[in-house]
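Single-structure report; data block below.
The values are calculated or read from the model by the stated rules, or taken from the named source; none is laboratory data. Just so you know, these numbers come straight off a predicted model, no measurement behind them. We place every Cβ from the backbone using ideal geometry, glycine too, and count neighbours over all the protein chains shown. For the accessible areas, the whole protein counts, side chains as well, though only heavy atoms, and no ligand, DNA or RNA atoms are used. Shrake-Rupley method; radii C 1.70, N 1.55, O 1.52, S 1.80 Å.
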Amino acid sequence: MSTETYQKSKELSFEKTQDLIKRRKAVVANGVSIFVPSSVMEAHGATIIDANGNELIDFAGGIGVTNAGHCPPPVVKAIQQQAEKLIHACFNISTYEPYLELSEKLASLFPHGDSTKVMLTNTGAESVENAIKIARQATKRPAVLCFSEAFHGRTMMAMTLTSKINYKTDCGPFAPEVYRLPFPNFYHDGHGLSEDDFAEQELQKLYDSTHTLVDPNSVAAIIIELVQGEGGFNIAPKAYVEGLRAFCDEYGIMLIFDEVQSGFGRTGKWGAYEHYGVTPDISTWAKSMGSGMPIGAVIGKQEVMDAAAVGTIGGTYLGNPVCCAAAIATIKYMEEINLNQKADEVAKIVNDRFLKLKAKCPAIGDVRGLGAMQAIEFVENGDPNQPDADTAADLTKACLKRGLILLTAGTNKNVVRVLSPLVISHEQLNKGLDIIEEELLKITN
């Protein structure tokens, strides 16, 4: 078989997908962006079946939502059984068991100090909104510190905290009293320093900000993603996070960890913060918590959570019983199959393959990850400050034609991240990585 024939046989047809996208453009607001021009009719495990009947390998996972796989049978069954009994009552009106059972489980998985309390939400952005409200009430202070390259959602406070301008064009005025620090990005700003020395340098910027940015006695909270999701899988150095904890303790500031994308096994632990040995005052969760059902949580120290006045947190659908049932079943399933171990296996395979690929491809400036949050960053001339978005975009397009769904990330869209379901087989994972390698070498050679 000739090379030309081989390539043609590997490219898929997307005619019906294109028809769906045409219908979408006619009726759905343009602001609802299309990250990948794919479609889905059904899905299981790490496989998506599109409108043409193509079997696509899913390296996006619904943006980190399907850690336990698409449609895990125990979760589907739990949803069906709960829907037959109770779909909605509003927890503010009638107390029901699934909300309590899930909250108790979350408090046991993610203890915040001696006593932990929980509130349930619908989304990650809603978790962030409520975490800030709680922190402000706990401290009686207005200001919030966040970081460059951060993504915390698209509701008004969350959007204000989000760094990337493209997510907030013409949406202002934004929430007041939000101040931004540079994220401690070792690859971009380390400049030959050791990681600990770099962390010390970045912590000095934090302390300097108390003179030039905002009075620390006016700061209610510092919110940080330990591994930035949309920002490009940038990992906060351990010493920096330890320093953040000390800074917050010194000034009575609430430390908030946004674990929306990094939670529930993605880093090889239930939460990324377990890698750091640092306990936050408040944390935010969602995405893989319910295998795709809309549910999230705010978890925090009891005295902090109880600082919120009655009526200031809550909502009509928060902790919906069907979503709670899905989350309870998801967590149980994760425990039964030891999802954290599966994440470690995925992490090793992907990291090893990416490091080998970096040796073949000068366009890869960095390979990084915490657990199965693995990414490659494309740069020009080996320079971290010369982002190469074209290669990342060309790669995702080429991979889709071969049956692999892949996502970019980063402020400059020059990072490719892997968010495959953690239940993916080694065979399917390696097949996806083969496609990445083959297509990238074609693009860059």
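Inspect all residues belonging to segment 421-428 and state whether any of them is over 18 Å from residue 63 (Cα atoms) and of a type in the set (D, E, K, R).
There is at least one residue in segment 421-428 that is over 18 Å from residue 63 (Cα atoms) and of a type in the set (D, E, K, R).
Which residues, counting only those in segment 96-138, are aromatic (Phe, Trp, Tyr), closer than 21 Å to residue 75 by Cα and part of a loop (DSSP other than H, G, I, E, B)? Quick ask: steps written out before the conclusion?
Taking segment 96-138 and keeping what is aromatic (Phe, Trp, Tyr), we get 96, 99, 110.
Among the residues that remain, those that are also closer than 21 Å to residue 75 by Cα are: 96, 99.
If the condition is that a residue be aromatic (Phe, Trp, Tyr), closer than 21 Å to residue 75 by Cα and part of a loop (DSSP other than H, G, I, E, B), then 96 is the only one that fits.
Among the residues of segment 411-424, is there at least one that is more than 17 Å from the chain's Cα centre (by Cα) and charged (D, E, K, R)?
Among the residues of segment 411-424, not one is more than 17 Å from the chain's Cα centre (by Cα) and charged (D, E, K, R), which makes the answer no.
Give me the pairs, please: first residue somewhere in segment 246-274 and in contact (Cβ under 8 Å) with a residue 24 or more places away in the chain and of a type in the set (Lys, Arg), second residue anywhere and open to solvent by less than 10 Å² (accessible area, probe 1.4 Å) and outside any helix (DSSP H, G or I), beta-carbon distance under 8 Å, and either six or more positions apart or on two chains.
Partner pairs satisfying both residue conditions: 266/67; 266/372; 266/373; 266/419; 266/422.
Output yes when any residue across segment 17-35 is part of a helix (DSSP H, G or I) and hydroxyl-bearing (Ser, Thr, Tyr), and no when none is.
Looking only at segment 17-35, we keep the residues that are part of a helix (DSSP H, G or I), and these are 17-27.
Adding the requirement that they be hydroxyl-bearing (Ser, Thr, Tyr) leaves 17.
Within segment 17-35 (the criterion being part of a helix (DSSP H, G or I) and hydroxyl-bearing (Ser, Thr, Tyr)), the answer is yes, since at least one residue qualifies.
Looking only at residues in segment 141-186 that are assigned to a helix (DSSP H, G or I) and among the polar types (S, T, N, Q), which one is least open to solvent (accessible area, probe 1.4 Å)?
160
Sort through 287, 205, 269, 238 and tell me the only one that's basic (Lys, Arg) and within 19 Å of residue 113 (Cα to Cα).
Result of the check over 287, 205, 269, 238: 269.
In segment 217-230, which residues are open to solvent by 10 Å² or more (accessible area, probe 1.4 Å) and either within 28 Å of the chain's Cα centre (by Cα) or at positive phi (or both)?
225, 230
Of all residues in segment 393-422, which are in a loop (DSSP other than H, G, I, E, B) and buried (at least 22 other Cβ atoms within 10 Å of the Cβ)?
406, 410, 414, 419, 420, 421, 422
Checking the structure you have, find out if any residue of segment 191-211 is open to solvent by 30 Å² or more (accessible area, probe 1.4 Å) and under 24 Å from the mean Cα position of the chain (by Cα).
Yes.
Quick check on my filter: what residues within segment 61-88 are part of a loop (DSSP other than H, G, I, E, B) and surrounded by 17 or more Cβ atoms within 10 Å (Cβ to Cβ)?
65, 66, 67, 68, 69, 72
What about residue 369, is it out of contact with any Lys or Arg (no Cβ under 7 Å at 6 or more places or on another chain), under 19 Å from residue 267 (Cα atoms) and not aromatic (Phe, Trp, Tyr)?
Numbers: out of contact with any Lys or Arg (no Cβ under 7 Å at 6 or more places or on another chain): yes; under 19 Å from residue 267 (Cα atoms): yes; not aromatic (Phe, Trp, Tyr): yes.
Spelling it out, residue 369 is indeed out of contact with any Lys or Arg (no Cβ under 7 Å at 6 or more places or on another chain), under 19 Å from residue 267 (Cα atoms) and not aromatic (Phe, Trp, Tyr).
Among the candidates 110, 91, 35, which residue alone is open to solvent by less than 30 Å² (accessible area, probe 1.4 Å) and of a type in the set (A, V, I, L, M, F, W, C)?
On the way: 91 fails: open to solvent by less than 30 Å² (accessible area, probe 1.4 Å); 35 fails: open to solvent by less than 30 Å² (accessible area, probe 1.4 Å).
Answer to the selection: 110.
Go through segment 113-128 and count every residue that is under 20 Å from residue 304 (Cα atoms), open to solvent by less than 60 Å² (accessible area, probe 1.4 Å) and either in contact with a Ser or Thr (Cβ under 8 Å, 6 or more places away or on another chain) or not hydroxyl-bearing (Ser, Thr, Tyr) (or both).
10
Return the only residue of 247, 198, 233 being out of contact with any strand residue (DSSP E or B) (no Cβ under 7 Å at 6 or more places or on another chain) and either part of a loop (DSSP other than H, G, I, E, B) or more than 28 Å from residue 350 (Cα to Cα) (or both).
247
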